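Every number here is computed from the coordinates shown, using simple stated rules; none is lab data. What you see is a predicted model, and the numbers here were worked out from it, not measured in a lab. Virtual Cβ from ideal backbone geometry, glycine too; neighbours counted across all protein chains shown.
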Amino acid sequence: MHDQPSLAELLQAVKHFIDETASPNLSGHPAFHARVASNVLATALRDLEVRTANESAEAASLKTLLAVSDGRSLDDMNRELCKRIQSGDLTATSHGLIAHLKATTIAQVKTDQPRYSGLKTAES
Amino acid sequence: MQDFEAAAHRLFSKVFGAEADLSDINRLSGGASQETWALSGGHFEAILRRAPGGVRPTRPSAAIGLATEAALIRIAGKESLPVAKILHVLTPKDELGEGFVMSRVHGETIARPILRDETFAAARLKLPGECGAALAGIHKIATNTLPDLPSSNGSDQIAQYEDIYRGFDIPHPVFELALTWLKANQPAPIDPVLVHGDFRLGNLIVDEQGLAAILDWELAHLGDPREDLAWICVNSWRFGVTENRVGGFGQLEPMLQAYADAGGAVFSTQEIDWWEMLGTLKWGVMCMIMYEAFRSGADPSVERAAIGRRVSETEIDLINLLEAANA
């Protein structure tokens, strides 16, 4: 398959069009949506860059936390984690739980909303 | 659109008299669940708030409907609370769908300038006290004078939002832990009062003098007064100024003091902590609901898609709150 331009380059081109050409010609509600659209493309670009690494880190951490064998999908392990929290098997004071949730969530917020204020609080 | 403009012209003359001629119609940004239009002509001006396209959407939220919202704003006005004046409630004859017309209160609703511009420096100092007093005023309104409203206390809301979350069948371990904590640490319930339900920047008009009007009563219900006091503390509603727990502009203690001074009950910061955790979880589930409107095709807007990626912002806030609670 061709990748010139790559997916990231294509998204970057659309973002550039929105920011430099479309947005300056819009006002009111459409201008607001153009800003949102530009932010969405920025999130998509970050997601493209980090998803593979983030998902393997999350899977490795879940495998340790749940003490499960290899080969379980990320979704499956997250469902298992939810069940164990719901049943009281894992609590806020259980070793490693908060640390796992915090690391996973920090990685997600860095992709979704890297300037979100709660991220600074979590990392301080 | 032509139909809309013609109907808006007729409405304007109906509200202000035959000599009033509508010359400007502007859709105001924000307010994703309702349309807000600024209407003006000559020295007359008003705000039209109506359902999107005039049609009441089917939503999983507990929104009360625009006619009830107008009735509540009228009652709040009679109690001398800062609200716009209701000028007209739409009827089928108006051919504009469901909604109402209110006076235009000048000022700012967008959080960023309110929290950052020098223009609002004096207002920011007064807001914690004014918000405390206004909430005490809302919570004091005799419930037997109110139109029919849904009831929802802390336990109801845990059950309601847990149900919605489970219905999506998408695992969020942070939500699970927050739900467990909320159930284990619930404060004793208190007698239900009128709760605004969405009292925060974005839904408040602020001018240079301070709080000018309380908007967006569509989530009003009978419930726990601590819900309103804590909702404005939810970190998403501090709009980046995290160190100011109340709305990004003030501290909790002065708001609680003003609340008690204006005849409200005396609440501890620990009670507000619990409701802030619940509020944060609710906002997270609401983001999932709004994303679902996109996923299902009901609302294909980029805004609805984007909000799905705000769920993680509530998750990091819940982690921060859980860490503080267990410290």
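Straight-line reach from residue B:14: taking Cα to Cα under 23 Å and skipping same-chain neighbours fewer than 8 places apart, the lysines in range are B:85, B:93. Translational diffusion coefficient of chain B (Stokes-Einstein, Kirkwood radius from Cα pairs, 10 °C, 1.306 mPa s): 77 µm²/s. Neighbour counting of Cβ atoms within 10 Å sorts the residues B:112, A:79, fewest neighbours leading, into B:112, A:79. Our summary of shape: the Cα atoms of the protein assembly as shown have principal axis extents of 78, 61, 42 Å, ordered from largest down, in whole angstrom.
Rounded to the nearest 20, the Cβ-based charge dipole of region B:2-103 about its Cα centre (Lys and Arg +1, Asp and Glu -1) stands at 380 debye.
With N set to the residue count of region B:2-103, report its C-alpha Rg divided by 2.2 N^0.38 Å to two decimal places.
Rounded to two decimals, the normalised Rg is 1.06.
Arranged from fewest to most other beta-carbon atoms within 10 Å of their beta carbon, B:87, B:177 become B:87, B:177.
A convex hull fitted around the alpha carbon atoms of chain A yields 158 Å³ per residue.
Counting only residues at least eight positions apart within a chain, or on another chain, the lysines with an alpha carbon under 22 Å from that of residue B:78 are B:140.
Taking the Cα centre of region B:168-240 as origin and assigning +1 to Lys and Arg Cβ atoms and -1 to Asp and Glu Cβ atoms, the resulting dipole is close to 280 debye. In order along region B:251-264, the Karplus-derived 3J(HN,Hα) couplings, from 6.51 cos²θ - 1.76 cosθ + 1.60 at θ = phi - 60°, round to 9, 5, 4, x, 5, 5, 5, 5, 4, 5, 4, 8, x, x Hz, and Gly and Pro are given as x. A cut-off of 5 Å between modelled amide H atoms, ignoring neighbours fewer than 5 places along the same chain, links residue B:242 with no other residue.
For region A:7-123, compute the number of Lys pairs whose alpha carbons are separated by less than 22 Å, excluding pairs fewer than 8 positions apart on the same chain. Close lysine pairs under the 22 Å cut-off: 7.
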